[in-house]
Structures are given as C-alpha cells and as structure tokens.
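The values are calculated or read from the model by the stated rules, or taken from the named source; none is laboratory data. Note that this is a predicted model, so its numbers are computed, not measured. All Cβ positions, even for glycine, are placed from backbone atoms using ideal geometry, and neighbour counts span all protein chains on display. What goes into the accessible areas is simple: the full protein's heavy atoms, side chains included, and nothing from ligands, DNA or RNA. Shrake-Rupley method; radii C 1.70, N 1.55, O 1.52, S 1.80 Å.
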Amino acid sequence: MKLKHSYFYTLRNDAKDEESVSGNLLTRCGMIKKTSSGVYMYLPLGYKVMKNIEKVIREEMESIDAGELLMPALIPEEVYTISGRRDAFGKDMFSLKDRFLKNYVLAPTHEELFTIAAQAKIKSYKDLPFSIYQIQDKFRDEPRCRYGLIRVREFLMKDAYSFDMDEKGLNDSYNDMYNAYKRIFTRLGIDYRIVKSDTGAMGGLLSEEFQAITNIGEDKLVICDHCGYAANSDIAKCTLLTKKSDEELKIRELIKTPSAGSIEEVSKYLQEDKERFVKTLIYKIDEKFYGVLVKGSMDVNESKLKKLLNANEVSLATIEEVEEVTKVKIGFAGPVGLDVPIIVDNEVLNMTNFIVGANKTDYHFKNVNLEDFNYVLTGDIRNITQKDCCPNCGKELSFKNGIEIGNTFKLGTKYSESLGLNYLNKENESLPVWMGCYGIGIGRCMASVVEQHHDDKGIIWPMEIAPFKVSILVLNTDDASQMDAANYLYENLRKSSISTILDDRDERAGVKFNDMDLIGIPIRITIGNKIKDQIVEIKQRKKDDFEEVSLYDALSKVEDIIDGE
C-alpha cells in the first residue's frame, strides 16, 4: 500500500472517550472509530489486523478438520424459547418484530442454529463425529460498554461446535479444539492463562476460559503456582477461614445502635470486633426476595448464588425494596424474624454469638446463633480473598486480571435433547448427540495484543498479525534516487509476498517516523541520503538499534527477520 493516495490517518492526541490503552491506540492509529456506545467501525489498517487474526484461526481450524459455514444473525425468537435460553439472556438480547409482527432476535450466540444444521446431516452413528465453525457478528445489549473493543454490543466472534456419539467422543473433540486454541493464542502473541469458569447461560458439563493477562481485565483470576489450579473468581472455591468456635452459646440481646447502620459504625459504637458481624443482604432472584448471609468482612459472589439456586437473574434489591421487605430503614436488616427465605454462606456456619441487624430501625442483635432463625440453603456463596488458600493443595494463591478472549464448553446433551438432535446407534436405538461449543472473540484478541504489546510510541504488532510486515519510509520524496530505491524495494517485497507500506507522503521525516512507530509495523526500512552509496537502514519496531545494509541485501535481511520470528 502506498500511503499518499490511500485511506490513512493518525491522531496526535489521545482519544477523549477511550479509557483503555488499546482503545486509545487503535483509535489514534486510525484502525477503529466509535460510531455509538459499544459499536465500532474497523478501518483499513484495523480490518487487515482482524483478517490476519482470522487467517490464523482458519488455519488451526483446518488442522483439526473443522468445516467453516455462515449462520444468519437474524433469528426467530422461538428458537431460543424452545431451547429454554430466552429467559436466561433476558435484556441482553436485542429483539425486534418484522412487518408481520413476528418476533426476531439478533443472535447473541448460535448453539440452537448449529444444532438445527447438524440435524440435516446426522441420522446414524456413521455420521459422527464432526466439527463445524463460523466467523460472524454477534449482538448483545451490554448495559455498560467500556474499554474499547473489550466490552461492546456488536462483535466478531469465531464459534465452533463438535458433535459426537458419547462422552468419550466429546472429550476427544474437546481436546482437539482445546489444543488448537492454545496454538492460536500462542501464534497471536498473547500471554494467556486457562481457567475453569461458570457455564452460565450456555449450561453443560464444563467451561474453561482462555484469559489474556492485562491490568484492565475485568475478570479476576485465581491461580495456584504450586499445583496449577486456575479458576475465574466467579467459581473459585473458598476454603473455610473461620474455625469452628467452641465458645458457649449466649442469650440473644437486643442493643440500641442509634444512627449506626454500617458494620464500621456499629463496630465502633459497640466496641466489638468486625469479625463478629454477619451481613444480611436482600437479593431479588427471579422476581423472588431472599435474605443472603455472609460474614461481615466478606462479599457475596452473585455467580455462585445464581448457580446454587439455578436462577436466571440475580440482583441486589433496591433501597425501596429492602425497606419494604424488612419494614425498617436500610442498614438494620437481619435474619431473625425475616419473612423471606434465607441462604447462609458456609463461613457463617462456623460462627457463634455473632452480631446482626435486628429488623428494627436503630437496633442490632448481639449473640445471635444459627438456632435463632430458619434458613433454606447453605453453600459457598462468597468471593474468594487474598487470605484463602488453594482448594487443591492448600498453598498460597495469586490473583491476576484477565480479558476473556476464548472459551470452551462441554455442552453434553443439553441442546440436543431440547431440540431433538438424535442418532441411531448400532442397536438401532435413538440417542442424543453429545456436543461441545468453542468461542473466540476476535476484537478482544486484537485489543489484548495491543494491551500487552505497546510502548510510549505506540503499538508493537507481532509479525503474524501486523497489518503490514514492512514499512518503507522515504525521507525526501523529491529526491528521485530515493524514490527509485523505494519503488524497487516495494515491488520486490511484494513479489516475495511480504506485505509492505510505502510512505510516499509529502510529510516531514519526524511525522513519518512517529506514524510508523504509532501503527506498529514490525520492520521499518528508511531510505535517505545514503542511498547514493546504495545503503538503507533497517530497524525492528521492538528493538532500539538499527542496521545499515545494502539496498540489494535488504530483501534477504527482511526475510531473515521474518523467518526468525
């Protein structure tokens, strides 16, 4: 690409509404441009990066014989109703009506349609196994779009599905895809970790996430460097930190705590250790209210709570709802006499003589015990903390932030049973097909690479996905000898199938250097006054030093650098 007459621009200043490094740099590079909250256009350079990421994915999918297809994005709503997932997606799903008032949705994911496609092929065990995939836009009505391409409403996704006769076949297909994913993310140059995660709306037997390690990652990862345990904090198992007390049970006592509603305030007022407090939080779970009890120093994990109740929607009750349920002002809720089902975290089960709200404004109870109220469920429903140990080996845990760039699910027979995807075995019995589901967020991959590969000058693209591998920078475009040399190199690099930018703009040298550093082209060839001696300068973006070589050796030098990557 010659820049002078191409669609190319950069911004000198930071983007005003991009809070992430990747969102800011990709916008400044003229690679993406926001059109509305969570919706972006991919401009020529950015689109080339996306296509290069897709190329890596397609090559690895082909290596495991997965066939590519393309599904529609506009889907009849009834498809998700039949599978039982319409309620699970709730408001996250874009919905609309056609001119005949039939309900449609913009697909947030495609398990249902892939199941229907598989029905066209599968009749007997002889038709299994196989895997198919697509690369296509998905739509989700994110309530809080942020961090550029990381949390958006429209995004490009690669989703694959495997179909097998039994669990053993599923495990084999899963392992093939799992290893292909490892190769993909390694080729993309992403520093990642694989963690166990919640199956969520997808359901199934197992879910694992491929997480890019970055400071702005919204997912909290829990990792044991000793035994290899790794999990998203949404499902990370908590060890019991509170030892079973042998303290004698005391009689419950009502204490006035005027204007003291928080644990901090009540602890100070009563001169009691904060470790003696239990919080009562009112949750609205599938339109029903619950009291949820956790130790005062800990927080409720809503994903665990949702899974414990097999619920679709979990949210904290509003102030007005809390006061309606408890009949008192906010800050004084407690389990004693509470007229809603109560769920208790495992940590509370080891506590005795604890302090709770009294469901009476300006009052708390001291010396409350489990015998003083009824509860319907117990479980691990709290967030893991720095004090917790590895649930497998008991050693110290480390915590990292991650961006989910890929996920793999063992769906089992969840969708095949609900949508009637069966096959006849050798005994002519009809059995449900075993399915796996595998996704990669391509925009998130692009953003994650930038988050991990940049400096104060701009992006440093890995060779395999850079928009161009080489940039030729001409210091003086009015010098015929410099332009002749540039065009000579440009044509020879292209003949060797090496993607190349020729910066032939009438700009100052400093502008050109800054632009090439900003957009992150891996190899830069500079042509200046030394061309009279047939000398050009070659510099790699990720290195500080440069090398002077003969104009006629430049091609082989570039090939050596590329081969060495």
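Assorted remarks:
- The set of residues in the stretch 300-310 that are in a loop (DSSP other than H, G, I, E, B) and either surrounded by 14 or more Cβ atoms within 10 Å (Cβ to Cβ) or β-branched (Val, Ile, Thr) (or both) comprises ASN301, LEU309.
- The residue pairs whose first member lies in the stretch 67-91 and is over 22 Å from ASP286 (Cβ atoms), whose second member is open to solvent by less than 30 Å² (accessible area, probe 1.4 Å) and part of a loop (DSSP other than H, G, I, E, B), and whose beta carbons are closer than 6 Å, counting only pairs six or more residues apart or on different chains, are MET71/HIS110; ALA73/ALA107; ILE75/ALA107.
- Residues in the stretch 118-133 that are surrounded by fewer than 17 Cβ atoms within 10 Å (Cβ to Cβ) and under 20 Å from MET177 (Cα atoms): ASP127, PHE130.
- Residue that is nearest to GLY412 (Cα to Cα), among those in the stretch 93-114 that are open to solvent by 70 Å² or more (accessible area, probe 1.4 Å) and not in a loop (DSSP other than H, G, I, E, B): SER95
- Evaluation of VAL368 against the conditions (1) over 39 Å from the mean Cα position of the chain (by Cα); (2) open to solvent by 10 Å² or more (accessible area, probe 1.4 Å) shows that the sole unmet condition is (2).
Each row is one residue, and each column tells you yes or no for (1) open to solvent by 30 Å² or more (accessible area, probe 1.4 Å); (2) within 27 Å of LEU309 (Cα to Cα); (3) in a strand (DSSP E or B).
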{"residue": "MET177", "(1), (2), (3)": "no, no, no"}
{"residue": "VAL195", "(1), (2), (3)": "no, yes, yes"}
{"residue": "ILE216", "(1), (2), (3)": "yes, no, no"}
{"residue": "HIS226", "(1), (2), (3)": "yes, no, no"}
{"residue": "SER245", "(1), (2), (3)": "yes, no, no"}
{"residue": "SER267", "(1), (2), (3)": "no, no, no"}
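- In the stretch 413-432, the residues that are over 22 Å from LEU113 (Cβ atoms) and among the polar types (S, T, N, Q) form Cβ pairs under 8 Å with partners that are modelled with pLDDT of 95 or more and part of a loop (DSSP other than H, G, I, E, B), at six or more places apart or across chains, as follows: ASN425/MET165.
- Some residue of the stretch 549-563 being in contact with a Gly (Cβ under 6 Å, 6 or more places away or on another chain) and open to solvent by 30 Å² or more (accessible area, probe 1.4 Å): no
- Residue list for the stretch 341-358, filter: under 20 Å from ARG382 (Cα atoms) and either part of a loop (DSSP other than H, G, I, E, B) or open to solvent by 10 Å² or more (accessible area, probe 1.4 Å) (or both): PRO341, ASN346, LEU349, ASN350, MET351, THR352
- The single condition from (1) outside any strand (DSSP E or B); (2) surrounded by fewer than 19 Cβ atoms within 10 Å (Cβ to Cβ); (3) in contact (Cβ under 8 Å) with a residue 12 or more places away in the chain that SER173 fails is (2).
- In the stretch 127-170, the residue that is farthest from LEU421 (Cα to Cα) out of those that are part of a strand (DSSP E or B) and of a type in the set (Asp, Glu) is GLU154.
- Screening TYR42, TYR47 for residues that are in contact with a helix residue (DSSP H, G or I) (Cβ under 9 Å, 6 or more places away or on another chain) and either over 22 Å from LEU149 (Cβ atoms) or of a type outside the set (A, V, I, L, M) (or both) leaves exactly one candidate, TYR42.
- Residues that are in contact (Cβ under 8 Å) with a residue 40 or more places away in the chain and assigned to a loop (DSSP other than H, G, I, E, B) were ranked within the stretch 480-498; the one that is farthest from ASP517 (Cα to Cα) is SER496.
- Any hit, the stretch 384-400, residues being in a strand (DSSP E or B) and on the phi > 0 side of the Ramachandran plot: no
- Qualifying residues in the stretch 158-170 (those that are of a type in the set (Gly, Ala, Ser) and either buried (at least 24 other Cβ atoms within 10 Å of the Cβ) or touching a Cys at 6+ places or on another chain (Cβ under 7 Å) (or both)) - the one farthest from LYS410 (Cα to Cα): ALA160
- Output for the stretch 228-243, where each listed residue is of a type in the set (A, V, I, L, M) and open to solvent by 30 Å² or more (accessible area, probe 1.4 Å): ILE235, LEU240, LEU241
- Residue in the stretch 311-338 that is farthest from the chain's Cα centre (by Cα), counting only those that are open to solvent by less than 20 Å² (accessible area, probe 1.4 Å) and without any contact (Cβ under 8 Å) to a residue 40 or more places away in the chain: VAL328
- Test result for THR257, within 20 Å of ASN301 (Cα to Cα), open to solvent by less than 70 Å² (accessible area, probe 1.4 Å) and among the hydroxyl-bearing types (Ser, Thr, Tyr): no
- Which listed residue, of ASP484, ASP503, is among the acidic types (Asp, Glu) and either more than 18 Å from LYS539 (Cα to Cα) or touching a His at 6+ places or on another chain (Cβ under 9 Å) (or both): ASP484
- Residue that is open to solvent by 10 Å² or more (accessible area, probe 1.4 Å), in contact (Cβ under 8 Å) with a residue 24 or more places away in the chain and either more than 30 Å from THR186 (Cβ to Cβ) or in a helix (DSSP H, G or I) (or both), where the choices are GLU507, GLU537, GLU451: GLU451
- Qualifying residue in the stretch 12-34 (condition: touching a residue at least 60 places away in the same chain (Cβ under 8 Å), basic (Lys, Arg), more than 26 Å from MET165 (Cα to Cα) and open to solvent by less than 50 Å² (accessible area, probe 1.4 Å)): yes
- Considering only residues in the stretch 1-23 that are part of a loop (DSSP other than H, G, I, E, B) and among the aliphatic types (A, V, I, L, M), the one that is farthest from the chain's Cα centre (by Cα) turns out to be MET1.
- Tallying residues that are within 18 Å of LYS2 (Cα to Cα) and crowded, with 16+ Cβ neighbours inside 10 Å within the stretch 510-534 yields 17.
- Condition met for TYR181 (in contact with a Gly (Cβ under 9 Å, 6 or more places away or on another chain), open to solvent by less than 10 Å² (accessible area, probe 1.4 Å) and outside any strand (DSSP E or B)): yes
- Every residue from the stretch 24-33 that is over 30 Å from LEU493 (Cα atoms) and under 20 Å from the mean Cα position of the chain (by Cα): ASN24
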